[in-house]
Amino acid sequence: MALDISSKLREDYHFSLKEKISIVYKLSLPAILAHISEIIMQYIDAAMVGSLGASSSASIGLVASSTWLFGGIMMAVASGFSVQVAHAIGAGNNSKAKAIFKQSILSALFIAFILLCIASFLSFRLPRWLHAEEILWQNATNYFLVFALFIPIRMLSTLSMNMLQCSGNMKIPSIFLTLMCILDVIFNFFLILPSRTILLFNHELYIFGAGLGVLGAQLGTSLAYLCAGGLAFYYATNISDKLALKNNKDRWLPEKEIINKAMHISIPMALQSSGLSLAQVVSTRIIAPLGTIAIAAHSFAVTAESICYMPGFGISAASTTIVGQSIGAHNKNAAKSFAWLTLSLAILFMSLMGLIMYFFCPYVFSFLTPVKEVQELGAQVLRIELLIEPLFAASIVSTGALRGAGDTLIPGIINVGSMWIVRLTLAYILSRSIGLKGAWIAMAIDNSVAGILLMIRLKGDSWLKKA
């Protein structure tokens, strides 16, 4: 199932441009297709919640940045170990890759339970701290608390998906991600909406519904993680030819060398993710006083834009894998070549998606919410961000390529610094005069600055020298 090019990388094989594009295509396509299905499901979920009214959508939007904070930390922990797996496989040492995977499990679960306790504590206080309208507090608390309780499940799911991807197997994680999205919609269909009767082929059909509203939206997503993430963990630990732990006699407790390398990669990533997500929380606090319509429009605009950066994240995952294996094979020329190829392809595809969305976003918002004011404001602010989609692509894929080489500190400083210095300062100033549009202008400028600085980082050789 896995795409195995590590032997050619070790032999310093000269890949033609056609061969390079083929490799990137095979690594990226499954991830992109999984992201497409995920985004479609997000649209459907958003429409289900949106049908309940602007306040329901706003209560989810209120705590979304906080869920990203914890999700980013989980991704950082997983990457700290999975990038080491990519390096081991690139070096042709599959037994070491299995040892790293085995030793990552207990570490990941330990951190997950710490995050569970912190998030559970915050869930009852977060809406008040964000200065949201009191009508949003209960739904926001319920949504975030359920998210918190399933953090260990999410952690194992994220770890398994990352491990499989860095082993070169992009297809299986994509299948599980797609399954997760389908299950998410099925669970949400029954959990969000109340029982109702629909007309199907001139016959009335009774549909059971738990009527849990916003709580049902998070419960459905969490149950989808439990099912699909559990399957991914089973596949990685029992079936994967490069990761399976059957008959593996390596110790479960992590070795000092593996922990040190994981910390070297994951701590800067975790700090970056925390810095970015905390900035998102502050940004939400800036937006919250603008009212329910503004919060809902902001939330829907973020959801709508996700289809545009879908190719970027798919190609970024491929870039992390191929750059990581190139570094493991001591083929730094291939690492740099693949990094720039993936960057160029991401800019091309995200620019095209941004152009299409610019003209079609009013129709997207009419699907997501029936509230006219939210539709109009959401389309206006989204079009601001779509103008800089090429630089956003540069930011996403440069970060992924540098991560593959284990270079996470400088990219983290760039991303966090730009967010706090550029976005939040401008958002605070501009939102007071022009409302939500000001916050999105600040976002566009921030993504542009980060994209330019990360490309400058990628152009140099310092990230290769440290690998």
Every listed condition ((1) among the aliphatic types (A, V, I, L, M); (2) at pLDDT below 90; (3) closer than 30 Å to residue 97 by Cα; (4) surrounded by fewer than 24 Cβ atoms within 10 Å (Cβ to Cβ)) holds for residue 371 save (3)
Mind listing whichever residues of region 239-273 are in a loop (DSSP other than H, G, I, E, B), of a type in the set (D, E, K, R) and either touching a residue at least 60 places away in the same chain (Cβ under 8 Å) or within 13 Å of residue 103 (Cα to Cα) (or both)? 241, 242, 249, 250, 251, 255
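Residue-wise test of (1) within 23 Å of residue 406 (Cβ to Cβ); (2) of a type in the set (Asp, Glu); (3) within 16 Å of the chain's Cα centre (by Cα).
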residue	(1), (2), (3)
60	no, no, no
76	yes, no, yes
86	yes, no, no
97	yes, no, no
100	yes, no, no
Step by step: first the residues of region 137-191, then only those that are modelled with pLDDT under 90 and not in a helix (DSSP H, G or I), then the one that is farthest from residue 245 (Cα to Cα). Which residue is that? 170
On the basis of being over 22 Å from residue 75 (Cα atoms) and crowded, with 21+ Cβ neighbours inside 10 Å, does residue 327 make the cut? no
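Condition check ((1) within 17 Å of residue 83 (Cα to Cα); (2) of a type in the set (Asp, Glu); (3) surrounded by fewer than 22 Cβ atoms within 10 Å (Cβ to Cβ)) across all residues:
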| position | (1), (2), (3) |
| --- | --- |
| 332 | yes, no, yes |
| 350 | no, no, no |
| 360 | no, no, yes |
| 365 | no, no, no |
Answer yes if at least one residue in region 247-255 is surrounded by 22 or more Cβ atoms within 10 Å (Cβ to Cβ) and not polar (S, T, N, Q), and no otherwise. no
Identify all residues within region 380-429 that are within 23 Å of residue 299 (Cβ to Cβ), without any contact (Cβ under 8 Å) to a residue 60 or more places away in the chain and in contact with a helix residue (DSSP H, G or I) (Cβ under 7 Å, 6 or more places away or on another chain); write none if there are none. 380, 383, 387, 395, 418, 422, 426
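Considering only residues that are hydroxyl-bearing (Ser, Thr, Tyr) and either in contact (Cβ under 8 Å) with a residue 60 or more places away in the chain or not in a helix (DSSP H, G or I) (or both), look in region 204-236 and name the one that is nearest to residue 53 (Cα to Cα).
If we take residues in region 204-236 being hydroxyl-bearing (Ser, Thr, Tyr) and either in contact (Cβ under 8 Å) with a residue 60 or more places away in the chain or not in a helix (DSSP H, G or I) (or both), then 221 is nearest to residue 53 (Cα to Cα).
The values are calculated or read from the model by the stated rules, or taken from the named source; none is laboratory data. These numbers were taken from a predicted model, which means no experiment stands behind them. Positions of Cβ are generated from backbone atoms using ideal geometry, with glycine treated the same way; all protein chains shown enter the neighbour counts.
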